[in-house]
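These notes are about the structure you will find just below.
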Amino acid sequence: MNPQKENTKTSTPKPKRKKIQFSKLYPDFLIDRDWDKCIKCKICIRECTYEAHGWDKKRETLTEDHVKCVGCHRCEAMCPTGAITIKKHPSAFREHDTWKPWFIKNVYKQADTGGVLLAATGCAIPFRNYWDHLVLDACQVTNPPIDPLREPMELRTYLGPKPDKLEVTLEDDKFQLQTKVGPWIKLEVPIMFAAMSYGAISLHVHQGLARAAKELGILYNTGEGGLHASLYKYGSNTIVQCASGRFGLHVDYLNAGVAIEIKIGQGAKPGIGGHLPGEKVTEEISKTRMIPVGSDAISPAPHHDIYSIEDLRGLIYALKEATEYKKLVFVKIAAVHNAPAIASGIVRAGADVVVLDGLRGGTGAAPTMFRDYVGIPIELALAAVDERLRQEGIRNQASLVVSGGIRCSADVVKAIALGADAVYIGTPALIAVGCTMCGHCFTGKCPWGIATNNPELIKRLDPETAFEKIYNLVHGWAHEIQELLGAMGLNSIESLRGNRDKLRAVGLNEVELKILGVKHAGE
Amino acid sequence: MAFEIDAKDLHYRELNKLIRKAIAEGHKHLVLKNINGQRYIAAGVSAEVDIDIYGVPGLDLGAFMRGPRIRVHGNTQDGAGNTMDDGKIIVEGMAGDVVGYAMRGGKIFVASDVGYRVGIHMKAYMDKVPVIVIGGKAGDFLGEYMAGGVIILLGMYSRYPERPIAGIFLGTGMHGGVIYVREGVPETQLGAALQIEDLDEEDEKVLRKHLEEYCQDLGYNLEEILATKFVKIRPQTHRPYGKLYAY
């Protein structure tokens, strides 16, 4: 018998070792409370869903737990006396250009949990942003600019295959179009709202997006979470999505919109599926997704009925047959190395619209490594795909829609000059309704009532406000686009499409210029 | 009276137009003759109608459909019942790959073997419980990502006596629903994180109910099928990704 073993048996059990959590030691933000201004109304406690503010009963005072602060600024915005400022926490690690605090803290998180790093928003790595290296042309002296306030300016865009040629006959002194065209989707502004599922964002945001799309004459996208019963009335401004999980996908849903988008991939997480955690599957979500309350809604990485371009054609035509060829079929892929070849396959498979989502595309939840390092920037992918489709002579057979990192109307104009028919915006629409990009959408605790379906939290953003803000944003952008076009001497967005001569690059190398197909400034 | 369509040399687009027209005209029983690989038959059809198919239907038979009862007098190709919502597909022979992908309701009864990736991501909601019964054997990935519903695998009426009852990776990523297998399945064929159990009284009832209907539709002997023990395969957890992330 081992005496030592005997000994341990009889000794008193050791107290349970307290596990140290390194990730909880170093806060990202500092909650700075001005005690002269604070009236101890406790609104900050009520507003903070992450419990960063507390109340010390004994001392009758407010407390702060800086580690819990995600930097959403809700308390700061709601404090009636302006006593709170959220600052970057001054606690610093020794400066080191390789081991930045971001990496140190991520290692702590994984050492504490053994988990996969999760993040939201889009790629946070400062890869070169090509939009910021492209400038637009304007008329001077030799050709006059156009003022959109006094002359007509056309932003209308039609999505869908355009015929190779038009046949026109002259009958009784009237021209008659003989070629059968369409169905097409008419957009009054070449901007659409990107797929964000009901589940990822609140019903109120969806209602706001749908109404704004209707008023603006554009489209919004349901994402893959199905369509809430209250939104069927916006059908003519709706794209429904068919993703690998096929949630809430039935005949009524397929017929509800004007287009069906097959989601193959997403710029924020190319090559992986997604899942809505059981915590977010509430009663209402469960009805729309048609899955039990509290169960994980898992979307497999691929569609398991699509392993090839031929299979993709199978699904495109299954959807067309099921909806009697009344709907356009979009196919959305993440922008990856081989995007041009894949896009060519998608067009040949019969898609009406190809959607490219770039490296900087947003998300409510993606593994950080995918968000930051998988995929390529949309500017390069767009230029390469447009060029490839032109070379193959099939560019007219499908429209091209891009997304992933569009931040302002000039980005939209540059995208169209590079060859896009229209863009999708997601993140700007969320920022328009108050998002501060704190990047914690996946917790379901969004204090701004955007990326949550907690019945109490969604009250913080009503559908009316959501509609107004989103409408205003696109309204403003549309006018800016008109001004930019006018300055270039163009009176129609159609004249800008693929017109790369209107672009010049500043500070790009020859390879980049070649891929983008633009000249350097000064040339 | 049955309304007959001769599908010889018809493209699927024309064929489906004729099917929709006949249904709109009020026909309740359609007979499709000389079917030879036409895709998407009755895809997206939302109606209570009986369709008898003679020949071999192509890809995605009854995809997205809600209501029709289809009987295939022969084999069918891949994708039968893809994302089907309600109704029934009876296949008197074999069915190809991806049968009942993401199916949310209705029934698919196959007399003999099925291919790969059958019943992937089936899901159930409230009273809608999709059911697939396979008389023969199944290929790899049966019931992968399964989120709900019932798959019953008999392995009795197979053309491949040398093969195991199911291919590998059965039930990989399964997080809901149940798979009943007659006689059981070798452990080598199973995905991870599954539980194999004996049937309880409730299971026996469910099994008998579906098999009674299956035997009625395909003329098999219920008692012969039930003479051997079944095992039940279900996921260990409904939240496979519950503890995956760090933040």
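The values are calculated or read from the model by the stated rules, or taken from the named source; none is laboratory data. All figures in this text were calculated on a predicted structure; none of them were measured in a lab. Note that we place each Cβ from the backbone using ideal geometry, even for glycine, and neighbour counts take in every protein chain shown.
Residues considered: B:ASP113, B:ASP60. Of these, the only one that is within 9 Å of chain A (Cβ to nearest Cβ), under 23 Å from B:GLY167 (Cβ atoms) and not basic (Lys, Arg) is B:ASP60. Test B:LEU199 against the criterion of being closer than 30 Å to A:ASP112 by Cβ and surrounded by 12 or more Cβ atoms within 10 Å (Cβ to Cβ), and give yes or no. For B:LEU199, the condition - closer than 30 Å to A:ASP112 by Cβ and surrounded by 12 or more Cβ atoms within 10 Å (Cβ to Cβ) - is not met. Listed conditions (1) surrounded by fewer than 22 Cβ atoms within 10 Å (Cβ to Cβ); (2) facing another protein chain (nearest Cβ under 8 Å) are all met by A:GLU279, apart from (2). Within the stretch B:21-42, being closer than 18 Å to B:ILE89 by Cα and either surrounded by fewer than 16 Cβ atoms within 10 Å (Cβ to Cβ) or touching a residue at least 60 places away in the same chain (Cβ under 8 Å) (or both) holds for B:LYS28, B:HIS29, B:LYS33, B:ASN36, B:GLY37. Could you check, for the stretch A:307-322, whether at least one of its residues is among the hydroxyl-bearing types (Ser, Thr, Tyr), more than 11 Å from chain B (Cβ to nearest Cβ), surrounded by fewer than 23 Cβ atoms within 10 Å (Cβ to Cβ) and over 20 Å from the mean Cα position of the chain (by Cα)? There is at least one residue in the stretch A:307-322 that is among the hydroxyl-bearing types (Ser, Thr, Tyr), more than 11 Å from chain B (Cβ to nearest Cβ), surrounded by fewer than 23 Cβ atoms within 10 Å (Cβ to Cβ) and over 20 Å from the mean Cα position of the chain (by Cα). Being within 11 Å of another protein chain (Cβ to nearest Cβ), modelled with pLDDT of 95 or more and out of contact with any Phe, Trp or Tyr (no Cβ under 8 Å at 6 or more places or on another chain): is that true of B:VAL45 here? It is true that B:VAL45 is within 11 Å of another protein chain (Cβ to nearest Cβ), modelled with pLDDT of 95 or more and out of contact with any Phe, Trp or Tyr (no Cβ under 8 Å at 6 or more places or on another chain). Quick check: anything in the stretch A:429-441 touching a residue at least 40 places away in the same chain (Cβ under 8 Å), among the polar types (S, T, N, Q) and in a loop (DSSP other than H, G, I, E, B)? Within the stretch A:429-441, one or more residues are touching a residue at least 40 places away in the same chain (Cβ under 8 Å), among the polar types (S, T, N, Q) and in a loop (DSSP other than H, G, I, E, B). Within the stretch B:145-167, being free of Cβ contacts under 8 Å to residues at least 40 places away in the same chain and more than 14 Å from every other protein chain (Cβ to nearest Cβ) holds for B:ILE151, B:LEU153, B:GLY155, B:PRO161, B:GLU162, B:ARG163, B:PRO164, B:ILE165, B:ALA166. Look at (1) closer than 30 Å to A:ALA334 by Cα; (2) touching a residue at least 40 places away in the same chain (Cβ under 8 Å) and you find that A:VAL181 fails only one, number (2). Restricting the stretch A:223-257 to residues that are in contact with a His (Cβ under 8 Å, 6 or more places away or on another chain) and not hydrophobic (A, V, I, L, M, F, W, C), the residue that is farthest from the other protein chains (Cβ to nearest Cβ) is A:HIS228.
So for the stretch B:213-226 (the condition being at pLDDT below 95, away from every other protein chain (no Cβ under 14 Å), out of contact with any helix residue (DSSP H, G or I) (no Cβ under 7 Å at 6 or more places or on another chain) and surrounded by fewer than 13 Cβ atoms within 10 Å (Cβ to Cβ)), does at least one residue qualify? Within the stretch B:213-226, none of the residues are at pLDDT below 95, away from every other protein chain (no Cβ under 14 Å), out of contact with any helix residue (DSSP H, G or I) (no Cβ under 7 Å at 6 or more places or on another chain) and surrounded by fewer than 13 Cβ atoms within 10 Å (Cβ to Cβ). A single member of A:THR85, A:THR63, A:THR81 is of a type in the set (S, T, N, Q) and without any contact (Cβ under 8 Å) to a residue 12 or more places away in the chain, and it is A:THR63.
Within the stretch A:83-102, if we keep just the residues that are more than 14 Å from chain B (Cβ to nearest Cβ) and within 29 Å of the chain's Cα centre (by Cα), the residue that is nearest to A:ALA381 (Cα to Cα) turns out to be A:LYS100.
One residue is enough: does the stretch B:227-244 have a residue meeting the conditions among the hydrophobic types (A, V, I, L, M, F, W, C), closer than 20 Å to B:ARG182 by Cα and either over 20 Å from the mean Cα position of the chain (by Cα) or at pLDDT below 95 (or both)?
yes
Looking across B:VAL72, B:VAL131, one residue alone is without any contact (Cβ under 8 Å) to a residue 24 or more places away in the chain and either at negative phi or of a type in the set (D, E, K, R) (or both). It is B:VAL72. Put simply, of B:LEU170, B:LEU142 the only residue that is more than 14 Å from every other protein chain (Cβ to nearest Cβ), within 17 Å of B:PRO235 (Cβ to Cβ), crowded, with 24+ Cβ neighbours inside 10 Å and touching a residue at least 12 places away in the same chain (Cβ under 8 Å) is B:LEU170. B:ASP78 - would you say it is part of a loop (DSSP other than H, G, I, E, B), touching a residue at least 12 places away in the same chain (Cβ under 8 Å) and farther than 25 Å from B:LEU190 by Cβ? Criteria not met by B:ASP78.
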